[in-house]
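> Submitted below is the structure of interest, expressed as structure tokens.
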Amino acid sequence: MTNSQILKTNLISSNMKKLFLTLTAVTALTLASQAQTEKGKFLVGGQVGFETSKIKDTDLKQNAFSINPTAGYFVSDNWAVGTGVGYSWSKNENPTATTKENAFQVAPFVRNYIGEGQFKFFSQLSVPMQWGKNTQEAVGAETEEKFAKYGVELAPGFAFFPSSKVGIELKVRGLYFDSEKNKTTDVTTNKFGLDANSLAPTLGVQFYF
């Protein structure tokens, strides 16, 4: 065998090894991502938010904080049920009054994944519920209003699985219905809409085990 034939054989062998390793890695990632949404698996994640703002040369200030952990269980392949439990707080200040809002929230959900490999689409049906109060402090007076919110949301999303235990997802609010009752004034406000703004999706991370 000549040197050129030996070189050609070694080159083919090297390329075959690279191809085999690539296929092995892709297969492993595909199987791992499929295993993440199998029956009996758990998913844990959530969101934490904080915002503060102040208008320059004024006394207008705004601060807000929220935390919403979620947990779910796959009752069958690609079908998970779970709930989110959270708390939110906000405070708005201006020269004449200060308004505060505190709310506790619960959001049971059902989620379905569609697709194979590292990329999957999902749809999530949730029933967000919130109970809280608004407090307004003005000069020489303080008022308090309690409220309750109930809703239904059908949200589409997209998940990417970079590893066997992590999923990065983008989700929009989608189709929703909200009903808010002011318990102090006994006034109920209903909202129905479609929020599919692809320019402002929610970014989240879920852990699968």
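Taken together, the values in this text are just the output of simple stated rules run on the coordinates, not laboratory data. What you see is a predicted model; the values in this text were computed from it and never measured. Cβ atoms come from the backbone with ideal geometry, glycine included; neighbour counts cover every protein chain shown.
> Relative contact order, percent, of the stretch 37-208 when contacts are C-alpha pairs under 8 Å separated by at least 6 residues? Can you show the working numbers first?
Numbers: 470 pairs, mean separation 28.1, N = 172.
The value is 16 percent.
> Now, a different point. Fewest to most neighbouring Cβ within 10 Å: what's the order for LYS39, LYS100? Display every interim value, and only then the final one.
Numbers: LYS39 12, LYS100 16.
Least crowded to most crowded, the residues run LYS39, LYS100.
> OK, next. Using Cα positions and a limit of under 25 Å, work out the lysines in reach of LYS165, with same-chain residues fewer than 8 apart set aside.
Straight-distance partners of LYS165: LYS39, LYS41, LYS120.
> Turning to a different aspect of this structure: Cα convex hull of the stretch 88-170: how many Å³ per residue? Write out the running numbers ahead of the final one.
Numbers: hull volume 9.9 nm³, N = 83.
Dividing the Cα hull volume of the stretch 88-170 by its residues yields 119 Å³.
> Let me ask you something else. Among the lysines, which fall within straight-line cross-link reach of LYS56, defined as a Cα-Cα distance under 30 Å, with same-chain neighbours fewer than 8 residues apart omitted?
The qualifying lysines are LYS91, LYS100, LYS133.
> Once you have a ≥ b ≥ c as the square roots of the Cα gyration tensor eigenvalues for the stretch 37-208, tell me rounded if a/c is under 1.5, and otherwise prolate or oblate according to whether a/b is larger than b/c. Walk me through the numbers before you get to the answer.
Details: a/c = 2.52, a/b = 1.92, b/c = 1.31.
Prolate is the answer for the stretch 37-208, as a/c is 1.5 or above and a/b outweighs b/c.
> Also, I was wondering about something else. Go through the stretch 149-160 residue by residue and turn each phi into a ³J(HN,Hα) via Karplus (6.51, -1.76, 1.60, θ = phi - 60°); whole Hz please, and just put x for glycine and proline.
Along the stretch 149-160, the couplings run 10, 9, x, 9, 9, 10, 10, x, x, 9, 10, 10 Hz.
> If we count other beta carbons within 10 Å of each Cβ, what is the order of SER179, SER53, SER88, fewest first?
SER53, SER179, SER88
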